[in-house]
Amino acid sequence: MCGIIGFSGTADTKDVILGGLKRLEYRGYDSAGIAILNNDKINMVKTSGKVDQLIELAKKNDSLTGSCGIGHTRWATHGVPSDVNAHPHMSSDGKFAIVHNGIIENYIEIKNELTRKGVKFLSDTDTEVIVQLLDYYYDGDLKKTLVKVSSMIEGSYALGVLCTDFPNTIYVAKVSSPLLIGVGVGENYFASDITAFINKTKNVIDLDDGEFAEITANKVFIFDSKLKEIKKQERKVTWDVTAAEKSGYEHFMLKEIMEQPASLKATIEPRIKDNKISFEELNIDIKKYDRILITACGSAYYAGCVGRDIIEKVCNIPVYTEVASEFRYRNPIIDEKTLVIAISQSGETADTIAAIKEAKSKSSDVVAIVNVVGSAIAKLADYTIYTWAGPEIAVATTKGYTTQVAILYMFAIWAAHKLEKINDDTFASLTKDIKSLPERAQRTLDLNTRVKKLADKYYEKKSVFFIGRYLDYAVCLEGSLKLKEISYIHSEAYPAGELKHGTIALIEKGRLVVAVCCYEPLLDKIISNIQQVKARGAQVLALAVEGNKKIFTESDDVLLVPKTNELFMAVMEIIPLQLFAYYVAKKNGCDIDKPKNLAKSVTVE
Ligand code: G6P
């Protein structure tokens, strides 16, 4: 939930760290801080508020010089967002400063114990126990002390540590929170995410759980808990720095919406061989399973709902969905005959990780659909299918979601073919439909100007309902989430036929109902639902497929999306809903890329 960065080198450390924090801000944005080691002194500035506030303060602070530093941007878990609770945290003697991403679960016991021993705590955070433990047990050998402290803390952590005894050196440790080392020429970095230093180096070492590193400008020394050196391979990041920049767009969200044709192409095309879908990464015998269970959180879960309907339809195998945060508490009835599909853009979501562990403990095979290469979920799953959507920075996912849906489409028909539910010709023809999605998505983006006008018309609504049936309902879930998470307008998604069983009481004159009417076999059904809400005064904005004339007489406004196979409409349906949420939020003056109270990757339960 937090972003951390560290740097050792000859460049301006303050600039490097603050620049990195700006890029990491999507991970948390309620407070931020920086600490720089200058010979035998650590100078620190931290503040509640966004990184821009920190930048203002840091600019005025001449003490922030030195060739080695750490920075942090926070999403508060323990202790309110405040200057004191912001990271870095320093030991009282000023010898150590640390930044931490994760949660220390046994911090209360440690805090009580240290307090009894006379240690004074300044903040309400769980993190502070780490720096106090380091200070308490330090005997001149920092590597040894760090290993000792790591053995005392429970939970998840990616840590960056400065110590005045080791100028120009940063120490890092990792368990269950992401930490990457960026290897440059005469300078080295660490961060929660490559975006923090992608403008400086593309050479990365992924630190694994239980590993530590000592980082100086010219050397990265990785070691284990026995202080034994570990040799690790570097990997090269393939995407360019512009992928992590706004490139002229006002917001990352708009840029990422517009990138969808390209990201869908990157997801789909490499997996089409001889006009058929192939998953080299999936070495499974699909016939072994008698059911599939899809688990995920937020938008990834809603992508799973689309996947459920398609897989069930084409494979004729029962598919269930379960939000990952509930998964382990429902004691799901799964076994080795259940294939669990876990979906996560970030690959870091704590609840999804817990669900995967639960599934594995019950002998189920786990396939993960993940965007971030080398992430915790990618490593934990038995099989990982990457979406290759490129970095997604806006908190509200867009291309992350559509590429997950595309993978689920491909999985569905790949599995149906393996299960002999579809023949070669159908397989090839459905593959062709999927291959056309990037082009269809591009044409859907032509609705941009029209959607903006509709947002201008409807942006003052206080409550919105999204209705749809079957596959369209699954898309309503995501469309409604998009609107509420970035514009803070109350919105709900309903299966259109369910509305009359209670919630129709909330339909009154002027209430906006967004009706998704693209699944044509059920068109007449949803039209009758539209009539029910119209009869109660609702304004209806309908989303339908090109060529649908009937819908115009039933609705106040209509958006027509390009036609494709009715199974694969979700990608076209969600794009105008993403744009609608974006422009409504913009018109309401919301902070679109960093909506209040949210964070992009939720690494706490
Ligand atoms: C957070 C984000 C959502 C996202 C969900 C799952 O709640 O705000 O946008 O859908 O986490 O994230 P994941 O990275 O697992 O897809």
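The values are calculated or read from the model by the stated rules, or taken from the named source; none is laboratory data. Quick caveat: nothing in here was measured; it's all calculated off a predicted structure. Don't worry about glycine lacking a Cβ; one is built from the backbone with ideal geometry, like all the others, and counts go over all protein chains shown. To get the accessible areas, we keep the full protein, side chains included, count just its heavy atoms, and leave off ligands, DNA and RNA. Shrake-Rupley method; radii C 1.70, N 1.55, O 1.52, S 1.80 Å.
Under the Kirkwood approximation applied to all pairs of distinct alpha-carbon atoms, what is the hydrodynamic radius of the chain in Å?
So the Kirkwood estimate lands at 25.3 Å.
Over the alpha-carbon set of region 171-315, divide Rg by the Kirkwood Rh and report the Rg/Rh ratio to two decimals.
Result for region 171-315 is an Rg/Rh of 1.06.
Antiparallel versus total DSSP beta bridges in region 136-256: what percent is that, nearest 5?
About 95 percent, rounded to the nearest 5.
Please list, or write none, the aspartates and glutamates whose alpha carbon is within less than 20 Å of the alpha carbon of Lys550, excluding same-chain residues fewer than 8 places away.
Asp472, Glu520, Asp524, Glu566, Glu573
Taking 2.2 N^0.38 Å as the expected size of a compact globular protein, what ratio does the Cα radius of gyration of region 443-605 give against it, to two decimals?
For region 443-605, the normalised Cα radius of gyration is 0.99.
What whole number of Å gives the distance from the Cα centroid of region 346-388 to the Cα centroid of region 432-464?
If we compute the Cα centre of each part, the gap is 31 Å.
Roughly how many Å² is the accessible area per residue of the chain, as a whole number, for a 1.4 Å probe?
I get 38 Å² per residue for the chain.
How many percent of the accessible area of region 184-238 is carbon or sulfur, using a 1.4 Å probe?
47 percent
Considering only DSSP states other than H, G, I, E and B, which GluC sites (Glu not before Pro) in region 130-227 qualify as loop sites with at most 16 other Cβ atoms within 10 Å?
Of the GluC sites (Glu not before Pro), the ones in loops of region 130-227 whose Cβ has at most 16 other Cβ atoms within 10 Å are Glu154.
Give me the percent of accessible area attributable to carbon and sulfur for region 246-435, probe 1.4 angstrom.
Exposed carbon and sulfur together represent 46 percent of the surface.
Please give the helix 523-534 orientation as an angle from the longest Cα principal axis of the chain, in degrees from 0 to 90, rounded to the nearest 10.
For helix 523-534, the angle is close to 80 degrees.
What fraction of the DSSP beta bridges in the chain is antiparallel, stated in percent and rounded to the nearest 5?
60 percent
Could you pull out the pairs from Lys14/Lys50; Lys452/Lys534; Lys22/Lys265 whose alpha carbons sit more than 25 Å apart here? Kindly include the intermediate steps, with their values, before the conclusion.
Values: Lys14/Lys50 16 Å; Lys452/Lys534 23 Å; Lys22/Lys265 29 Å.
Lys22/Lys265, as the Cα separations exceed 25 Å there.
Round to a whole angstrom and tell me the spacing of the C-alpha centers of region 153-227 and region 99-132.
22 Å
Show me the ranking of peptides 34-44, 230-240 by mean Cβ neighbours inside 10 Å, starting with the highest. Don't jump to the answer; show the numbers that get you there.
Details: 34-44: 20.5, 230-240: 12.2.
Ranking, from highest mean packing down: 34-44, 230-240.
Please compute the length gained on full extension between Asn112 and Lys246, using 0.36 nm multiplied by the number of residues separating them and subtracting their Cα-Cα distance. It would help to have the intermediate numbers written out before the result.
On the way: separation 134, 0.36 × 134 = 48.24 nm, distance 4.61 nm.
Working it through step by step, the gained length comes to 43.6 nm.
Quick one: length gained pulling Glu498 to Asp124 fully straight, 0.36 nm per residue minus the C-alpha distance?
Once the chain is fully extended between Glu498 and Asp124, it gains 130.1 nm.
Mind listing the Cα extents of region 116-201 along all three principal axes, in Å, largest one first?
Over region 116-201, Cα extents along the principal axes are 46, 26, 23 Å.
Net charge within 14 Å of Glu520 by Cβ-Cβ distance, Lys/Arg positive one each and Asp/Glu negative one each, not counting Glu520 itself?
Spelling it out: positives minus negatives among the neighbours equals 0.
Expected output is a single nm value to one decimal: the length gained when fully extending between Leu227 and Thr10, i.e. 0.36 nm times separation in residues minus the C-alpha distance. What is it? Mind showing how you got there, number by number?
Numbers: separation 217, 0.36 × 217 = 78.12 nm, distance 2.78 nm.
Extra length available between Leu227 and Thr10 comes to 75.3 nm.
For region 246-435, what does the alpha-carbon gyration tensor say about shape, rounded, prolate or oblate, given a ≥ b ≥ c as the root eigenvalues, a/c under 1.5 as rounded, and a/b over b/c as prolate?
It comes out oblate by the Cα gyration axes.
DSSP loop trypsin sites (Lys or Arg not before Pro) in region 273-316 with at most 13 other Cβ atoms within 10 Å of their Cβ, which ones? Display every interim value, and only then the final one.
On the way: sites: Lys273, Lys276, Lys287, Lys288, Arg291, Arg308, Lys313; in loops: none.
Answer in residue order: no site qualifies.
From the P(r) of region 273-335, could you give the percentage of C-alpha pairs in the tail past 20 Å? Intermediate results must be reported in sequence, preceding the final value.
Numbers: 753 of 1953 pairs.
Tail of P(r) above 20 Å: 39 percent of Cα pairs.
Please list 278-285, 66-73, 582-589 highest first by mean number of surrounding beta-carbon atoms within 10 Å per residue.
With the highest mean Cβ count within 10 Å placed first, the list reads 66-73, 582-589, 278-285.
Can you tell me the orientation of helix 142-152 relative to the chain, as the angle in degrees between its alpha-carbon axis and the longest Cα principal axis, to the nearest 10?
The angle comes out at about 50 degrees.
If you take every DSSP beta bridge whose two residues both sit in region 246-435, what share of them, in percent to the nearest 5, is antiparallel? Present the calculation step by step, with values, prior to reporting the outcome.
On the way: 2 of 23 bridges.
Antiparallel bridges make up about 10 percent of those DSSP assigns within region 246-435.
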